[in-house]
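Before any comments, here is the structure.
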Amino acid sequence: RIAYVNGRYVAHRDAAVHIEDRGYQFADGVYEVCEVARGFIVDMKRHLDRLDRSLRELRIDWPIGRKPLEIVLREVVRRNQVFNGLVYVQVTRGVASRDFLFPADTMSSLVVTARKVNPALAAKRAEDGIKVITVPENRWDRVDIKSVGLLPNVLAKQQAKEAGAQEAWFVDEDGNVKEGGSSNAWIVTKDGVLVTRPAEHGILRGITRTTIFDVAAKLGLKIEERSFSVAEAKAAREAFISSATTIAMPVVAIDGQTVANGHPGSTTLSLRQAFFDVAE
Ligand code: PDD
């Protein structure tokens, strides 16, 4: 495997950044995960737009230009012969001796990796559906920035795993679902309406979430952007999560309680089916 690190393509096992990289010391960096499907990077433009926004919000410089970055992404995918899989991009504020303040004259660091994912495994998972648990929101209020500071997400997802589930949903003080540890959260009402929390209210604006709006429009499905409670989700006709790694993935149980008949919902599966016809 090959990785890209600050201007060089290197063997993945030897790829390294300096111990005083601010990503390592302060989680002072941002990232993107893009799906690779049939050799193409799905929604690359939207991912790079969001990367640009994350960098601006944190006042981190672009490490290289946008066009060169697009070339690097495609090149890492190509060199690793990834036909179906993921490409990961990380930008940190760079290497400087440890000090909380922004370093002067430091170049930001760029790392790009890619790996294959077996599409049959994802398909199998979608046939079974996944289980989620709910956990109290304990993250900072800038989760709209795709920062590499993911410790609450790590702990929540580990807790989910230990409870026999595959995702944890963060719940706000009002009992409303925010999003998953690494995905957005959705339900389908009895009337067949898709419901997902407004992106302005303490969640990451998922790229898959945005593309699902396009897919829903094409399928003639209605979307309501509003908060929904854990109780509403448990009583919903369907529930699902979305992310670059899962696309639309049915949720069949929440905190051990089955959703509907405990099988993946048909609306979720049709969104999943239609996704790659719509995504660019
Ligand atoms: N996570 N919310 C959170 C907290 C996320 O970490 C992610 C993605 C999403 C979905 O965003 P998108 O549709 O753009 O993937 C929502 C990636 C996949 C990860 O951390 O691996």
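Every number in this text was worked out from the coordinates using simple rules, so none of it is lab data. Since the structure is predicted, the reported quantities are computational estimates derived from the model, not experimental observations. Cβ sites come from the backbone with ideal geometry, for glycine too, and all protein chains shown count toward neighbours.
Which part of region 230-250 falls in the paramagnetic zone of Asn261, meaning amide N under 16 Å from the point 7 Å along Cα-to-beta-carbon? Inside the label zone: 236-239. Please give the contour-minus-distance gain from Arg1 to Ser229: 0.36 nm per residue of separation, less the Cα-Cα distance, rounded to one decimal in nm. Here the segment from Arg1 to Ser229 would lengthen by 77.7 nm. Between Arg53 and Ala163, the distance separating the two model label sites (each 7 Å from Cα on the Cα→Cβ line) works out to 2.9 nm.
When the trypsin sites (Lys or Arg not before Pro) in region 179-257 are filtered for DSSP coil states and for at most 13 other beta-carbon atoms within 10 Å of their beta-carbon, the remaining sites are Lys190, Lys222, Arg226. Estimate the FRET efficiency between His18 and Glu127 by the formula 1/(1 + (r/R0)^6), using the beta-carbon distance for r and 35 Å for R0, to the nearest 0.05. For R0 = 35 Å, the calculated efficiency reads 0.20.
Please give the per residue volume of the convex hull enclosing the alpha carbon atoms of the chain, rounded to a whole number of Å³.
Roughly 128 Å³ of hull volume per residue.
Here the scattering of region 2-117 is modelled by Debye summation over its C-alpha atoms, one equal scatterer each and no solvent; at q = 0.10, 0.18, 0.20 Å⁻¹ the log10 of I(q)/I(0) is -0.29, -0.89, -1.07.
Find the centroid of the Cα atoms in region 128-171 and in region 1-34, then give the distance between the two in whole Å. Between the Cα centre of region 128-171 and that of region 1-34, the gap is 24 Å.
Computed from point charges on the beta carbon alone (+1 for Lys and Arg, -1 for Asp and Glu), the dipole magnitude for region 122-278 about its Cα centre is near 360 Debye.
Each helix, a run of at least 4 DSSP H residues, gives -39500 (n - 2.57); summed and divided by the residues of the chain, these come to -9500 deg cm²/dmol at 222 nm. Region 103-123 and region 186-222 have Cα centres separated by 26 Å. Figure legend: label point modelled 7 angstrom from the Cα of Lys222 along Cα→Cβ; residues of region 165-202 with amide N under 14 Å from it are 188-196.
Only one residue of Pro63, His12, Val91 has its Cα farthest out toward the positive end of the dipole of region 2-117, where Lys and Arg carry +1 and Asp and Glu -1 on Cβ, and that residue is His12. Loop-located GluC sites (Glu not before Pro) in region 184-225 (DSSP state other than H, G, I, E, B) with a sparse environment of at most 10 neighbouring Cβ atoms within 10 Å: Glu200.
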